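The structure appears below as structure tokens.
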Amino acid sequence: MTGEGIPPADTLAQLRSELAQARQQISDMAAAQEDFLRGVSHDLRAPLRHVTSYGALVREVLQEQPPQVDEALGFLATMEQSARRMAQMIDGLQAIARARSAALRPRAVALTVAVQDARQALGAAAEGAAWNIAPDLPVVQADAELLAQLLVQLLGNAVKFSRGVAQPHVQVQAEPAAQGGVRITVRDNGVGFDGTRAQQLFGVFQRMHREAEFEGVGAGLALCQAIAQRHGARIQATAAPGAGCTVALEWPAAAQ
């Protein structure tokens, strides 16, 4: 018999479990914030160094004879490119911050419609690929705006990294997952990457390919992970060099 005012043993066990989960979530959030700040402090410095150092070089060159003007223009072009890249990085950070802090407005979203809208949002970029979108995609509970951002990023990456192959192909499928959830997969037949580095793919400003090969600053998949986490979903990628990439979302069932 339990003493007066003391919760039953099973209630205490549940409270301890919930406390442990809360502590783990706090720990995960702190680790994610640390990774985020480390990426920001490191990666934003590279374009900034270009802007500041090349500015000094331009001043030196312009003090020389007129034939050096072409060299000065080259320095200026590098500065402009770096400044544009920094602007894209800042935009990416702002999008991630908004995704992490925005109030969620979950509702029933028809995944078929959401995927087609995301494909249309890509415009001409989506026209070069063959699309295979499953006709029976389910309805999911999600913030429609955030889900749209996530899908645009995933489909955009699939198109971008498969455009160099002879017949680019993008496939979107969904199947039932554990506990009533849905497993959504976006697969391409593009260049792929070293699968052992897949976990790094969702870090801020992480890239698997050189900027000269593919545009972008490496913030898109970090945004996808932030949106997935807000919904209690998990996101992961599998790939191999020259064998394409598959991004899988484990989307939870609607809360009862």
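The values are calculated or read from the model by the stated rules, or taken from the named source; none is laboratory data. A quick note: this is a predicted structure, and the numbers were derived from the prediction, not measured. Glycine also receives a Cβ, built like all others from the backbone with ideal geometry; neighbour counts cover every protein chain displayed. Quick note on the areas: whole protein, heavy atoms, side chains included, nothing else; ligands and nucleic acids left out. Shrake-Rupley method; radii C 1.70, N 1.55, O 1.52, S 1.80 Å.
Here is a yes/no grid of residues against (1) without any contact (Cβ under 8 Å) to a residue 12 or more places away in the chain; (2) farther than 18 Å from residue 221 by Cβ:
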position	(1), (2)
122	no, no
127	yes, yes
133	no, yes
174	no, yes
184	no, no
203	no, no
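A Cβ distance below 6 Å, combined with a sequence gap of six or more or placement on separate chains, defines the contacts here; from segment 234-256, residues that are without any contact (Cβ under 8 Å) to a residue 24 or more places away in the chain reach residues that are open to solvent by 50 Å² or more (accessible area, probe 1.4 Å) and part of a strand (DSSP E or B) in the pairs 234/250. Checking 129, 97, 114 one by one, the residue that is at pLDDT below 95 and more than 27 Å from residue 40 (Cβ to Cβ) is 129 and no other.
Screening residue 240 on (1) among the hydrophobic types (A, V, I, L, M, F, W, C); (2) in contact with a strand residue (DSSP E or B) (Cβ under 6 Å, 6 or more places away or on another chain); (3) exposed (fewer than 15 other Cβ atoms within 10 Å of the Cβ) shows it passes everything except condition (2).
Is it the case, given these coordinates, that residue 128 is of a type in the set (Gly, Ala, Ser) and surrounded by fewer than 16 Cβ atoms within 10 Å (Cβ to Cβ)? Yes: the conditions hold for residue 128. For residue 198, the conditions (1) modelled with pLDDT of 80 or more; (2) open to solvent by less than 70 Å² (accessible area, probe 1.4 Å); (3) of a type in the set (A, V, I, L, M, F, W, C) all hold with the exception of (1).
Among the numbered conditions (1) open to solvent by less than 40 Å² (accessible area, probe 1.4 Å); (2) modelled with pLDDT of 75 or more, the only one that residue 39 does not meet is (2). In the set 83, 32, 20, 77, only one residue is surrounded by 13 or more Cβ atoms within 10 Å (Cβ to Cβ) and modelled with pLDDT of 75 or more; that residue is 83.
Screening segment 137-181 for residues that are touching a helix residue (DSSP H, G or I) at 6+ places or on another chain (Cβ under 8 Å), in a loop (DSSP other than H, G, I, E, B) and within 20 Å of residue 233 (Cβ to Cβ) and picking the one that is most open to solvent (accessible area, probe 1.4 Å) gives 138.
Tell me which residues, restricted to segment 158-172, are within 8 Å of residue 188 (Cβ to Cβ) and modelled with pLDDT of 90 or more. The answer is 158, 159, 168, 169, 170, 171.
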